[in-house]
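Participant: Provided herewith is a single structure, encoded as C-alpha coordinates, for subsequent inquiry.
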Amino acid sequence: MKRIFLLAVICLIGIQSSKAQRLMHAVGGGFFGRPSNALYDAGGLSWTYSPRYSFAEKKRTSLSIGIPLTAGIANVFDDLSEGKNRPNTRGYMITVPLMFNFNIGAGSARSCKEKYGYFVGAGYAYQVGSVYEAWPDRPGYDFSEPHTRSTTGPAFNIGGRIALGRERKHIMEVRALFMAGITSYKFGLNEFAWLIYF
(Lines give C-alpha, C1' and ligand atoms only; values in the text may rest on other atoms or scores of the structure.)
Protein backbone atom coordinates (compact mmCIF):
# COMPACT_ATOMS: atom_id res chain seq x y z
CA MET A 1 0.00 0.00 0.00
CA LYS A 2 2.88 2.37 0.74
CA ARG A 3 4.16 1.85 -2.80
CA ILE A 4 0.77 2.82 -4.22
CA PHE A 5 0.70 6.09 -2.26
CA LEU A 6 4.32 6.82 -3.21
CA LEU A 7 3.41 6.34 -6.86
CA ALA A 8 0.43 8.67 -6.43
CA VAL A 9 2.60 11.39 -4.88
CA ILE A 10 5.18 11.10 -7.69
CA CYS A 11 2.44 11.30 -10.32
CA LEU A 12 0.81 14.33 -8.69
CA ILE A 13 4.15 16.15 -8.45
CA GLY A 14 4.79 15.44 -12.11
CA ILE A 15 1.33 16.65 -13.06
CA GLN A 16 1.90 19.97 -11.28
CA SER A 17 4.60 20.83 -13.80
CA SER A 18 2.20 20.47 -16.69
CA LYS A 19 0.76 23.66 -18.19
CA ALA A 20 -2.70 22.32 -19.00
CA GLN A 21 -3.68 21.02 -15.61
CA ARG A 22 -5.87 21.85 -12.64
CA LEU A 23 -6.81 20.48 -9.26
CA MET A 24 -10.52 19.87 -8.57
CA HIS A 25 -12.42 18.79 -5.46
CA ALA A 26 -15.78 17.08 -5.10
CA VAL A 27 -17.89 15.87 -2.19
CA GLY A 28 -20.95 13.66 -2.14
CA GLY A 29 -22.61 10.53 -0.94
CA GLY A 30 -24.20 7.32 -2.09
CA PHE A 31 -24.62 3.71 -1.16
CA PHE A 32 -22.47 0.60 -1.45
CA GLY A 33 -22.57 -3.16 -1.33
CA ARG A 34 -19.65 -5.35 -0.29
CA PRO A 35 -19.95 -8.74 -2.00
CA SER A 36 -17.77 -11.57 -0.81
CA ASN A 37 -17.18 -15.23 -1.41
CA ALA A 38 -15.69 -15.75 2.05
CA LEU A 39 -17.63 -13.33 4.27
CA TYR A 40 -21.25 -12.38 4.56
CA ASP A 41 -22.29 -9.44 2.45
CA ALA A 42 -22.67 -5.95 3.92
CA GLY A 43 -24.02 -2.69 2.63
CA GLY A 44 -24.90 0.82 3.66
CA LEU A 45 -24.45 4.54 3.10
CA SER A 46 -21.18 6.11 2.03
CA TRP A 47 -19.60 9.57 1.90
CA THR A 48 -16.90 10.58 -0.57
CA TYR A 49 -14.27 13.29 -0.84
CA SER A 50 -12.71 13.20 -4.29
CA PRO A 51 -9.66 15.30 -5.22
CA ARG A 52 -8.39 14.87 -8.77
CA TYR A 53 -5.78 16.41 -11.01
CA SER A 54 -6.83 16.97 -14.60
CA PHE A 55 -3.98 17.13 -17.10
CA ALA A 56 -3.27 16.80 -20.81
CA GLU A 57 -6.37 18.94 -21.33
CA LYS A 58 -7.62 19.52 -24.85
CA LYS A 59 -10.71 21.44 -25.95
CA ARG A 60 -13.16 18.86 -24.63
CA THR A 61 -11.08 15.95 -23.28
CA SER A 62 -8.50 15.31 -20.57
CA LEU A 63 -6.74 12.67 -18.53
CA SER A 64 -6.90 12.74 -14.74
CA ILE A 65 -5.59 11.03 -11.65
CA GLY A 66 -7.70 11.02 -8.51
CA ILE A 67 -8.10 9.53 -5.06
CA PRO A 68 -11.86 9.34 -4.31
CA LEU A 69 -11.73 8.58 -0.58
CA THR A 70 -14.88 6.79 0.56
CA ALA A 71 -16.10 6.04 4.08
CA GLY A 72 -19.27 4.12 4.81
CA ILE A 73 -21.44 2.76 7.59
CA ALA A 74 -21.95 -0.93 6.92
CA ASN A 75 -24.68 -3.28 8.08
CA VAL A 76 -24.23 -7.05 7.83
CA PHE A 77 -27.23 -8.53 6.04
CA ASP A 78 -29.11 -10.78 8.43
CA ASP A 79 -30.21 -14.07 6.90
CA LEU A 80 -31.74 -16.68 9.17
CA SER A 81 -32.87 -18.91 6.32
CA GLU A 82 -29.93 -21.21 6.94
CA GLY A 83 -30.78 -21.50 10.63
CA LYS A 84 -27.64 -19.67 11.77
CA ASN A 85 -27.34 -17.04 14.44
CA ARG A 86 -25.79 -14.17 12.50
CA PRO A 87 -25.14 -10.85 14.18
CA ASN A 88 -27.01 -7.91 12.68
CA THR A 89 -25.06 -4.83 13.66
CA ARG A 90 -23.26 -1.87 12.19
CA GLY A 91 -19.64 -1.64 11.17
CA TYR A 92 -17.58 0.57 8.91
CA MET A 93 -15.85 0.58 5.54
CA ILE A 94 -13.08 2.83 4.17
CA THR A 95 -11.88 2.61 0.57
CA VAL A 96 -8.87 4.44 -0.90
CA PRO A 97 -8.72 4.02 -4.70
CA LEU A 98 -6.08 5.50 -6.99
CA MET A 99 -7.90 6.05 -10.29
CA PHE A 100 -6.71 7.09 -13.77
CA ASN A 101 -9.59 8.42 -15.91
CA PHE A 102 -10.26 9.55 -19.45
CA ASN A 103 -12.72 12.47 -19.41
CA ILE A 104 -14.80 13.92 -22.22
CA GLY A 105 -17.30 16.79 -22.23
CA ALA A 106 -18.47 18.67 -19.12
CA GLY A 107 -15.92 18.69 -16.31
CA SER A 108 -13.07 17.48 -18.49
CA ALA A 109 -11.26 20.71 -19.41
CA ARG A 110 -11.29 24.29 -18.18
CA SER A 111 -12.34 25.60 -21.58
CA CYS A 112 -15.11 23.03 -22.10
CA LYS A 113 -18.61 24.53 -21.79
CA GLU A 114 -20.60 21.47 -22.79
CA LYS A 115 -23.71 20.54 -20.79
CA TYR A 116 -22.95 16.83 -20.47
CA GLY A 117 -19.79 14.82 -19.97
CA TYR A 118 -18.57 11.28 -19.31
CA PHE A 119 -15.57 9.45 -17.92
CA VAL A 120 -14.16 5.97 -17.63
CA GLY A 121 -11.07 4.70 -15.88
CA ALA A 122 -9.24 2.05 -13.90
CA GLY A 123 -6.86 1.85 -10.99
CA TYR A 124 -6.04 0.07 -7.77
CA ALA A 125 -7.74 0.29 -4.37
CA TYR A 126 -7.21 -0.46 -0.70
CA GLN A 127 -10.20 -1.27 1.51
CA VAL A 128 -10.49 -1.78 5.27
CA GLY A 129 -13.59 -2.46 7.32
CA SER A 130 -15.55 -4.48 9.85
CA VAL A 131 -16.24 -8.13 9.06
CA TYR A 132 -17.70 -11.17 10.79
CA GLU A 133 -15.90 -14.47 10.48
CA ALA A 134 -17.22 -17.99 10.84
CA TRP A 135 -16.71 -19.42 14.33
CA PRO A 136 -17.97 -23.01 14.10
CA ASP A 137 -16.26 -24.17 17.31
CA ARG A 138 -18.53 -22.11 19.55
CA PRO A 139 -21.83 -23.99 20.12
CA GLY A 140 -24.98 -21.98 19.54
CA TYR A 141 -23.17 -19.03 17.96
CA ASP A 142 -21.84 -19.32 14.46
CA PHE A 143 -20.01 -16.01 14.08
CA SER A 144 -17.34 -14.10 15.94
CA GLU A 145 -17.34 -10.52 17.11
CA PRO A 146 -16.51 -7.98 14.38
CA HIS A 147 -12.90 -7.78 13.28
CA THR A 148 -11.06 -5.26 11.15
CA ARG A 149 -9.83 -6.77 7.90
CA SER A 150 -8.38 -5.24 4.75
CA THR A 151 -7.82 -6.11 1.13
CA THR A 152 -6.42 -4.61 -2.06
CA GLY A 153 -7.29 -5.12 -5.68
CA PRO A 154 -8.03 -3.64 -9.10
CA ALA A 155 -10.78 -1.05 -9.44
CA PHE A 156 -12.88 0.26 -12.32
CA ASN A 157 -15.16 3.29 -12.50
CA ILE A 158 -17.51 4.86 -15.01
CA GLY A 159 -19.86 7.81 -14.82
CA GLY A 160 -21.46 10.93 -16.22
CA ARG A 161 -21.35 14.65 -15.44
CA ILE A 162 -23.79 17.54 -15.87
CA ALA A 163 -22.75 21.21 -15.91
CA LEU A 164 -24.95 23.39 -13.68
CA GLY A 165 -25.79 27.09 -13.85
CA ARG A 166 -25.77 29.59 -16.69
CA GLU A 167 -21.99 29.71 -16.87
CA ARG A 168 -21.73 25.94 -16.27
CA LYS A 169 -19.01 26.34 -13.65
CA HIS A 170 -20.36 23.74 -11.23
CA ILE A 171 -20.40 20.06 -12.11
CA MET A 172 -22.58 17.26 -10.74
CA GLU A 173 -21.16 13.76 -11.14
CA VAL A 174 -22.84 10.36 -10.95
CA ARG A 175 -20.34 7.52 -10.58
CA ALA A 176 -20.25 3.75 -10.27
CA LEU A 177 -17.08 2.20 -8.81
CA PHE A 178 -16.29 -1.49 -8.67
CA MET A 179 -13.42 -3.14 -6.79
CA ALA A 180 -12.34 -6.77 -6.55
CA GLY A 181 -10.16 -7.82 -3.62
CA ILE A 182 -7.32 -10.22 -4.46
CA THR A 183 -5.86 -10.89 -1.00
CA SER A 184 -6.94 -13.66 1.38
CA TYR A 185 -10.00 -11.57 2.28
CA LYS A 186 -11.53 -11.31 -1.15
CA PHE A 187 -14.40 -8.95 -0.46
CA GLY A 188 -14.91 -6.20 -2.99
CA LEU A 189 -16.99 -3.07 -3.43
CA ASN A 190 -19.85 -1.94 -5.62
CA GLU A 191 -20.52 1.74 -5.00
CA PHE A 192 -22.85 4.31 -6.58
CA ALA A 193 -22.31 7.95 -5.66
CA TRP A 194 -23.43 11.50 -6.47
CA LEU A 195 -20.79 14.24 -6.23
CA ILE A 196 -20.68 18.01 -6.62
CA TYR A 197 -17.45 19.75 -7.71
CA PHE A 198 -16.64 23.01 -5.98
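Participant: Students sometimes get this wrong: rank ARG34, ARG166 by accessible area, probe 1.4 Å, all chains present, largest first. List each step's numbers first, then the result.
Facilitator: Values: ARG34 10, ARG166 240 Å².
Sorted descending by solvent-accessible area, the residues read ARG166, ARG34.
Participant: Here's something else I'd like to know. At 1.4 Å probe size, put SER46, SER150 in order of accessible surface, largest to smallest.
Facilitator: On the way: SER46 0, SER150 50 Å².
Highest to lowest solvent-accessible surface, that is SER150, SER46.
The values are calculated or read from the model by the stated rules, or taken from the named source; none is laboratory data. Keep in mind the model is a prediction, meaning the values are calculated, not measured. Side chains included, ligands, DNA and RNA excluded: accessible areas come from the protein's heavy atoms. Shrake-Rupley method; radii C 1.70, N 1.55, O 1.52, S 1.80 Å.
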